[in-house]
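Let me begin by presenting the structure, written as C-alpha cells, before commenting on it.
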Amino acid sequence: MSSTEERDDLVLQPRDVRFDWARLPMHWIPDEPMATHVINVLHLLLPEGERWFVRTFQEVLPLITDEELRERVLGFTGQEAIHAEAHQGVLDHMEAHGLDPAPYVRQVEFLFHRVLGPRPGRTGTRQREDLIERVAIIAAIEHFTAFLGDWVLNAEGLDRAGADPTMLDLLRWHGAEEVEHRSVAFDLLQHLDPGYLRRVRTMAIGGPVLVHLWIRGVRFLMTADPQLVAAARPTWRGYAQAAGRGLLPRLGNFLHSGSRYLKPAYHPSQEGSTRQAVAYLGSSPAALVAAH
Ligand SMILES: [Fe+2]
Ligand SMILES: [Fe+2]
C-alpha cells in the first residue's frame with residue numbers, strides 16, 4: 001500500500017461551507033478569459049450532474065448488501081449534494097452579471113433527467129442492469145473528478161496568476177472532497193458488477209461525451225460572456241499555452257489518467273493523496289467560516 005492510501009477507510013462527512021461571491025470578477029483568473037471559462041464549465045455541469053449522482057445512488061441503496069459500503073455511499077451523497085449547491089451559487093452570480101447560463105444548463109438537465117434518468121416501464125433484471133450501468137458511468141466520471149481534484153490542489157499556477165481566492169477555495173474544497181471519496185463509486189460498481197467489460201464500455205462512452213460537453217460549454221460561455229467580443233473563440237493552442245502556465249491540466253496528463261482507469265488492476269486509491277485532501281479540508285476558509 002502506498003503512502004497515498006493510508007486513510008481510505010475514513011468516514012465521509014458532508015462539510016458545511018459558505019462562499020461569498022459578491023466580489024467575484026467575471027474573469028476570476030485575471031486576463032485569462034479562456035482558462036477562466038474552461039474551469040467555469042464545472043459550474044454548468046456539476047449542479048445537475050451531482051444531483052443525478054445523488055438520485056442514482058439513492059435508487060441503488062436497496063441493492064447494497066455490505067453495510068460499510070452503504071455508509072460510505074450515504075456519506076458520498078451527502079458531500080455531492082452540498083457540492084451541487086455550492087456551484088449553483090456561482091451560476092446565480094454569473095446570471096446576475098449578464099451571462100445567462102440557462103440555454104446550456106437546459107441541455108445538461110435534459111441529459112441527466114431524460115437520457116440518463118430512470119427508464120419508466122423497466123422492471124426486474126432490466127431495471128437492475130440499467131441502474132448498474134448508471135453507477136458505472138458515475139464511477140468513470142468520479143475518476144476524472146478525482147484527477148481534477150488532485151490537479152487543483154497542486155495547481156500553483158492559479159495562485160501565481162492571482163486567481164480569485166474564494167473561487168480557488170471552492171475548487172480546492174470540492175477537489176479535496178473528490179479525492180477523499182474517490183473510491184466510493186468504483187467500490188460500489190465492483191460490489192454490483194466486478195466484471196471488467198462494463199468498466200471499459202462506460203469509460204469508452206463517458207470519457208468522449210464528457211470532453212464533448214466540455215468543449216461545447218467553453219464555446220457557449222465565451223459567446224455568452226458580455227465582456228468578450230463576439231469573435232472570441234477557444235482554441236487548442238490557447239488551451240496548451242494556459243496549461244503550460246499551470247492554469248489548466250495538461251491534455252496529455254488527462255488522457256494518460258483516462259487510460260489508467262482501463263488497467264485491470266486499477267483502483268482509485270492509487271490516485272491522488274488522501275492526506276493532502278484532508279489537510280486542505282482542515283484549513284479551507286469556506287469550511288472554517290461555516291464552522292463558526
Ligand atoms: Fe462533487
Ligand atoms: Fe464526487
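The values are calculated or read from the model by the stated rules, or taken from the named source; none is laboratory data. This structure is a prediction, so every number in the text was calculated from the model and none was measured. Neighbour counts are summed over all protein chains in view; Cβ atoms, including those assigned to glycine, are modelled from backbone coordinates with ideal geometry. Surface areas here come from the heavy atoms of the whole protein model, side chains and all, with no ligands, DNA or RNA. Shrake-Rupley method; radii C 1.70, N 1.55, O 1.52, S 1.80 Å.
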Filter the range 61-77 down to residues that are within 25 Å of ALA176 (Cα to Cα) and either among the aromatic types (Phe, Trp, Tyr) or open to solvent by less than 20 Å² (accessible area, probe 1.4 Å) (or both) and give me whichever is farthest from ligand 2 (Cβ to nearest atom). LEU69
Test of understanding: among GLU68, GLU50, GLU80, which residue is away from ligand 1 (no atom under 15 Å from the Cβ), part of a helix (DSSP H, G or I) and not hydrophobic (A, V, I, L, M, F, W, C)? GLU68
Residue satisfying condition, being in contact with a helix residue (DSSP H, G or I) (Cβ under 9 Å, 6 or more places away or on another chain), of a type outside the set (Gly, Ala, Ser) and farther than 17 Å from LEU248 by Cα, within set ASP225, ASP169: ASP225
Going through the range 32-44 in order, the residues found to be open to solvent by 20 Å² or more (accessible area, probe 1.4 Å) and either touching a His at 6+ places or on another chain (Cβ under 8 Å) or part of a helix (DSSP H, G or I) (or both) are PRO33, MET34, LEU42
Does ILE138 fit the bill of being within 16 Å of ligand 2 (Cβ to nearest atom) and either in a helix (DSSP H, G or I) or surrounded by fewer than 20 Cβ atoms within 10 Å (Cβ to Cβ) (or both)? yes
Run down ASP130, ASP159, ASP100, ASP150 and say which single residue is of a type in the set (Asp, Glu), in a loop (DSSP other than H, G, I, E, B) and more than 23 Å from GLU68 (Cα to Cα). ASP100
Tell me, please, whether a residue that is within 16 Å of ligand 2 (Cβ to nearest atom), surrounded by 14 or more Cβ atoms within 10 Å (Cβ to Cβ) and not polar (S, T, N, Q) can be found in the range 96-111. no
